[in-house]
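The values are calculated or read from the model by the stated rules, or taken from the named source; none is laboratory data. If you're wondering where the values come from, they're calculated on a predicted model, not measured in any experiment. Backbone-built Cβ (ideal geometry, glycine too); neighbour counts: all protein chains shown. For accessibility, only protein heavy atoms count, side chains too; no ligands or nucleic acids. Shrake-Rupley method; radii C 1.70, N 1.55, O 1.52, S 1.80 Å.
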Amino acid sequence: MSERIVVVGAGVAGATAAQTLRREGFAGEIVLVGAEPDLPYRRPAVSKDLLAGTGTIERAALKPAAFWAESRIDLRPGVTAEAVDTDRATVRLATGETLGYDSLLLATGARARTLDTGSKRVHTLRGRGDIEALRAAVTTGGSLLIIGGGLIGCEVAATARGLGARVTLLNAGSELMDRVLPAPVSALLRRRHVEHGVRVENDVVTTDLVDADGGVTAVAADGRTWSAAAALVAIGSVPDTALAEAAGITVNDGIVVDHHHRTSAHNVFAAGDATTVYHPLRGAYERPQHWNSAMSAGAAAAMSILGLPAATAEVPWGWTDQHGRSLQFAGWLHPHNELIVDGDLDGGEFLVTALHQSIPVGAVAMARPRDLRATRTLIDAGRPYRTPAVPAP
Ligand SMILES: Cc1cc2nc3c(=O)[nH]c(=O)nc-3n(C[C@H](O)[C@H](O)[C@H](O)COP(=O)(O)OP(=O)(O)OC[C@H]3O[C@@H](n4cnc5c(N)ncnc54)[C@H](O)[C@@H]3O)c2cc1C
């Protein structure tokens, strides 16, 4: 069995892996290296209570500081791993130290994709370190342009409205969060944003952000413009693969791993947002980008490192909180899916199941967590949908 396992990246994937290693009886040394200065924390809180100022980084911590010491996990916050040498099985840290490893887990996550403007008024939001500047811009400037109608763009729109900012959301798609929500639920989400005073502009491909006259102007491909005191670019994320690539490990969008979370390098594993992984149910490689997927992947990678059987890949699922309501979504939606609506969309309690040839492939729920869980099981089983239901309008 390995004597020292090094985990690079102290997000949820890395932190869960370290905990799982210890829980499963690994008695050797575990070093958990994280570039961010904080204890491992709930990243989803960044666009919700942390940005709103109603939560604190201490309350968002996954575990109290004492936990890591008591678990004999050598947590090193604020330390970046600079290079991996897979021939020598070593990791060089920014502190100058070089650590040998028996197994290495890369859980380096992702970075916010951005539009290179060089402007201090243009923000991105990925971690705790991005919050202060965005919050100051929203509370002092009072107006915000958000480029991107995905999960982060929509959540920040809701949070910034809660802080009293005037918010314009420029979405390249024809509906909000359309990668994970079916059309009727996206439309519901847009209505809620509009009711709460967010100006939502769909089908806007922003080509430029110009810093001028004490503010930012977004220029769309069709020449239209919108201006505000500040802008948030929320156009997705880029997997953080630099370390793996420089070490000669196979990368294709993310760090490529098999279903045991093994990379192309001997005794090097990877998990979480940094990876591209084959999902047997979907029959394709994908880059999971949800909290629960990263957590499960961290646990599964730890089991693989120890040579123990790991849970099989689960149906991906996530959630979002906007304007006081929480939506949960699961699986893989396609615009051509048949939709079964159970409940009342406007009433705030529903389950929408997406079918492909009568088999559930995706679902979205509000205030029905148990039903969403049950539908995940159906998606996993790949069995035809049976309950009589009313098709979506
Ligand atoms: C603002 C925001 C809100 C979100 N909200 C939701 C939500 O509501 N629901 C949901 O399901 N998902 C949500 N997500 C997605 C979810 O948070 C991510 O899928 C999850 O955090 C990924 O975990 P991870 O451990 O793979 O990567 P990360 O959380 O990105 O952690 C990776 C860590 O590795 C560190 N690192 C990178 N390179 C190095 C290096 N060389 N050396 C040392 N450390 C390094 C990084 O600094 C980072 O701390 C949200 C994401 C964001 C950004």
Original post:
Among the residues of segment 106-117, which ones are in contact (Cβ under 8 Å) with a residue 24 or more places away in the chain and in a loop (DSSP other than H, G, I, E, B)?
Top reply: Ala107, Thr108, Gly109, Arg113, Thr114, Leu115, Thr117
Subject >> Residues satisfying the stated conditions in segment 213-234, i.e. in contact (Cβ under 8 Å) with a residue 40 or more places away in the chain and more than 25 Å from the chain's Cα centre (by Cα) >> reply: Gly215, Val216, Ala218, Ala220, Trp226, Ser227, Ala228, Ala229
Subject >> Matching residues in segment 181-196 - criterion: being touching a Pro at 6+ places or on another chain (Cβ under 9 Å) and crowded, with 22+ Cβ neighbours inside 10 Å >> reply: Pro182
Original post:
So, in segment 112-126, of the ones that are out of contact with any Ser or Thr (no Cβ under 9 Å at 6 or more places or on another chain) and open to solvent by 40 Å² or more (accessible area, probe 1.4 Å), which residue ends up nearest to Ser237 (Cα to Cα)?
Top reply: Asp116
**OP:** Hand me the list of strands (runs of 3 or more DSSP E) wholly inside segment 261-301 holding 2 or more residues that are more than 11 Å from the ligand (Cβ to nearest atom) and within 22 Å of Leu378 (Cα to Cα).
**Re:** 275-279, 284-286
Original post:
Just a yes or no: is a residue in segment 7-18 aliphatic (A, V, I, L, M), open to solvent by 20 Å² or more (accessible area, probe 1.4 Å), at pLDDT 95 or above and under 24 Å from the mean Cα position of the chain (by Cα)?
Top reply: yes
**OP:** Within segment 91-105, count every residue that is more than 11 Å from the ligand (Cβ to nearest atom) and touching a residue at least 24 places away in the same chain (Cβ under 8 Å).
**Re:** 6
**OP:** Determine if segment 29-49 includes at least one residue that is open to solvent by less than 60 Å² (accessible area, probe 1.4 Å), modelled with pLDDT under 95 and either within 10 Å of the ligand (Cβ to nearest atom) or among the polar types (S, T, N, Q) (or both).
**Re:** no
**OP:** Scan segment 258-265 and give yes if some residue there is modelled with pLDDT of 95 or more and open to solvent by 30 Å² or more (accessible area, probe 1.4 Å), otherwise no.
**Re:** yes
Original post:
Has segment 62-79 got any residue that is in contact (Cβ under 8 Å) with a residue 60 or more places away in the chain, surrounded by fewer than 16 Cβ atoms within 10 Å (Cβ to Cβ) and among the acidic types (Asp, Glu)?
Top reply: no
Subject >> Matching entry among Thr56, Thr90 (being open to solvent by 20 Å² or more (accessible area, probe 1.4 Å) and within 20 Å of Ala244 (Cβ to Cβ)) >> reply: Thr90
**OP:** Go through the residues of segment 213-236 one by one and say whether even a single one is open to solvent by 20 Å² or more (accessible area, probe 1.4 Å) and closer than 30 Å to Leu378 by Cα.
**Re:** yes
Subject >> segment 237-251, subset assigned to a strand (DSSP E or B) and under 24 Å from Thr124 (Cα atoms), residue farthest from the ligand (Cβ to nearest atom) >> reply: Val238
Subject >> Given (1) farther than 16 Å from Gln289 by Cβ; (2) open to solvent by 30 Å² or more (accessible area, probe 1.4 Å); (3) part of a strand (DSSP E or B), index of the condition Leu169 fails >> reply: (2)
Subject >> Within segment 307-378, strands (runs of 3 or more DSSP E) holding 1 or more residues that are within 16 Å of the ligand (Cβ to nearest atom) and open to solvent by 50 Å² or more (accessible area, probe 1.4 Å) >> reply: 317-322, 325-331
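Rundown of residues vs (1) of a type in the set (Ser, Thr, Tyr); (2) within 30 Å of Glu3 (Cβ to Cβ), yes/no style:
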| site | (1), (2) |
| --- | --- |
| Trp291 | no, no |
| Gly298 | no, yes |
| Leu308 | no, yes |
| Thr312 | yes, yes |
| Gln322 | no, no |
| Asn337 | no, no |
| Asp342 | no, no |
| Ala381 | no, no |
**OP:** Kindly indicate whether any position in segment 197-212 is assigned to a loop (DSSP other than H, G, I, E, B), without any contact (Cβ under 8 Å) to a residue 24 or more places away in the chain and open to solvent by 20 Å² or more (accessible area, probe 1.4 Å).
**Re:** no
